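> Quick one: the structure is below, and I'll ask about it shortly.
The values are calculated or read from the model by the stated rules, or taken from the named source; none is laboratory data. Not measured: the values here are computed from a predicted model. Every residue, glycine as well, gets a Cβ built from its backbone with ideal geometry; the counts of neighbours run over all protein chains shown.
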Amino acid sequence: MDLWFIRIVFICFVGIASWVLQPFSLPHQQAGLTGLGIGAGIVLFEIRLRMVSLKQLIGAVIGSILGIIGAYLFSLVLRDALADGPTQNFLQLLVMLLMSYVGLIVGGSKGDLLNLSALGGIFGGEKLSRRSQKILDTSVIIDGRISDVAETGFLEGVLVVPQFVLRELQLVADSSDPLKRNRGRRGLDVLAKLQKIAGIEIQIVEDDFPSLREVDLKLIELAQQYEAKIVTNDFNLNKVAQVRGVDVLNINELANSLKPIVLPGEIMRVFILKEGKEYNQGVAYLDDGTMVVVDNARKMMGKNVDISVTSVLQTTAGKMIFGKFDERAPHPTAPPREHPRKPTPIVVEGGNGGEV
């Protein structure tokens, strides 16, 4: 909020200064509007410049300087080859702009090849700051659990969302399939939620790799270029990234590590939801979604039963618990309902000796 206040004050100051000084002999009103436009352009340039890494910024500066030097040498040649006049002035200006522009773009794109950490000092933290960046995959955005993790404060650094991931998310949201369309819109809502979380910085990067068609390969290439980690729950992307030497944060592995540990022989109380694939099996689910396969529980569907854990199967795709239901063991059940008893007749000896 303080930065925006300073930016607004800067724009107003440039506008007022332009209104008072009247550059280019403009009237007061036009000069003031011109100053406001120039101030707004400078602020937009500053906002965009904040997204550029230190390596890219240094590379752009070096490229611009080399471009200006090259343009100056070209201007010397043009001065000797052409007569003085508008054509010579135009070509000299064109060469100056061309060389500066090419040096700026090429230097900025190749700036990531600089090894600033070798210089030490203030440049030593650049590599560490880049390693704190985490690149979000499309699957983890659609999944939505990343926002819950971010709200707890366990995520730090900058969450990077590549432009090609946003395009893929937009294609899913515009799909004719209702299921895919809902998943895509859910992903966009998750991104909007992440941007509102305090302490989380979402950075949209324009880096793309036209030679690569698959989004997974683009993510791996971008992670290698940024020396960042990929956040995903895609099993195949996880394996390929590990082979390529890229660190991966798998949301499924995080969820599995946080599940309560169950040991064989423990007693659990579960709700048998449906029958299993094998004979006389029942299937239940824990609150976190873990599947529990119970032997001898097929006829207990729709009931809460106590089971004995026999084994636990842990995989990267999730956890499965196997248990057994013992019909002979005593299990707590609901107290029996009391049925109304038939009233006992009361015999009253009276005048007619009848029953009341």
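> In segment 30-49, which residue that is farther than 11 Å from residue 16 by Cα and not hydrophobic (A, V, I, L, M, F, W, C) is nearest to the chain's Cα centre (by Cα)?
Here the answer is 48.
> Also, I was wondering about something else. Go through segment 276-305 and give me each residue that's surrounded by fewer than 16 Cβ atoms within 10 Å (Cβ to Cβ) and either at pLDDT 90 or above or farther than 11 Å from residue 324 by Cβ (or both).
From segment 276-305, those surrounded by fewer than 16 Cβ atoms within 10 Å (Cβ to Cβ) are 277-280, 285, 287-289, 299, 301-304; that's our starting set.
Within segment 276-305, 277, 278, 279, 285, 287, 288, 289, 299, 301, 302, 303, 304 meet the criteria.
> On to the next question. Of the numbered conditions (1) modelled with pLDDT of 70 or more; (2) closer than 30 Å to residue 145 by Cβ, residue 315 fails exactly one; give the number of that condition.
Every listed condition holds for residue 315 apart from (1).
For every residue, the table says whether it meets (1) under 30 Å from residue 155 (Cβ atoms); (2) in contact (Cβ under 8 Å) with a residue 40 or more places away in the chain; (3) part of a strand (DSSP E or B).
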{"position": "245", "(1), (2), (3)": "yes, no, no"}
{"position": "256", "(1), (2), (3)": "yes, yes, no"}
{"position": "261", "(1), (2), (3)": "yes, no, no"}
{"position": "273", "(1), (2), (3)": "no, no, yes"}
{"position": "284", "(1), (2), (3)": "no, no, yes"}
{"position": "288", "(1), (2), (3)": "yes, no, no"}
{"position": "305", "(1), (2), (3)": "no, no, yes"}
{"position": "322", "(1), (2), (3)": "no, no, yes"}
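> Still on this model: Counting only residues that are farther than 24 Å from residue 223 by Cα, give me the helices (runs of 4 or more DSSP H) lying completely in segment 135-197 with at least 3 of them.
178-196
> Quick one: which of 208, 216 is touching a Pro at 6+ places or on another chain (Cβ under 8 Å) and in the same structural domain as residue 171 (by TED's automatic domain parsing)?
208
> Output yes when any residue across segment 197-214 is basic (Lys, Arg) and either within 26 Å of residue 52 (Cβ to Cβ) or modelled with pLDDT of 90 or more (or both), and no when none is.
No, the conditions are met nowhere in segment 197-214.
> Given the residues 54, 33, 116, which is the only one that is surrounded by 13 or more Cβ atoms within 10 Å (Cβ to Cβ) and modelled with pLDDT of 85 or more?
After applying the criteria, what remains is 33.
> Continuing with this model, one more query. Quick test for you: out of 58, 42, 47, pick the one residue that is over 30 Å from residue 12 (Cβ atoms) and out of contact with any strand residue (DSSP E or B) (no Cβ under 7 Å at 6 or more places or on another chain).
Among 58, 42, 47, only 58 is over 30 Å from residue 12 (Cβ atoms) and out of contact with any strand residue (DSSP E or B) (no Cβ under 7 Å at 6 or more places or on another chain).
> State whether one or more residues within segment 80-89 are in a helix (DSSP H, G or I), at pLDDT 85 or above and surrounded by fewer than 16 Cβ atoms within 10 Å (Cβ to Cβ).
no
> Looking at 74, 45, can you tell me which residue is surrounded by fewer than 13 Cβ atoms within 10 Å (Cβ to Cβ), at pLDDT 80 or above and part of a helix (DSSP H, G or I)?
45
> If you don't mind, another one. Could you list, in sequence order, the residues of segment 175-210 that are under 22 Å from residue 47 (Cα atoms), surrounded by 15 or more Cβ atoms within 10 Å (Cβ to Cβ) and without any contact (Cβ under 8 Å) to a residue 12 or more places away in the chain?
Listed by number, the list is empty, since nothing qualifies.
> Let me ask another. For residue 278, all conditions in the list (1) outside the structural domain of residue 146 (by TED's automatic domain parsing); (2) touching a residue at least 24 places away in the same chain (Cβ under 8 Å); (3) over 29 Å from residue 151 (Cα atoms); (4) in a loop (DSSP other than H, G, I, E, B) hold save one; what is the number of the exception?
Evaluating residue 278 over (1) outside the structural domain of residue 146 (by TED's automatic domain parsing); (2) touching a residue at least 24 places away in the same chain (Cβ under 8 Å); (3) over 29 Å from residue 151 (Cα atoms); (4) in a loop (DSSP other than H, G, I, E, B) leaves (2) as the failure.
> While we're here: Going through segment 201-215 one residue at a time, which ones are touching an Asp or Glu at 6+ places or on another chain (Cβ under 8 Å) and under 22 Å from residue 146 (Cα atoms)? Even if it seems obvious, please write down each step before you answer.
If we filter segment 201-215 for residues that are touching an Asp or Glu at 6+ places or on another chain (Cβ under 8 Å), which is where we start, we get 209, 212, 215.
Of everything in segment 201-215, just one residue is touching an Asp or Glu at 6+ places or on another chain (Cβ under 8 Å) and under 22 Å from residue 146 (Cα atoms), namely 215.
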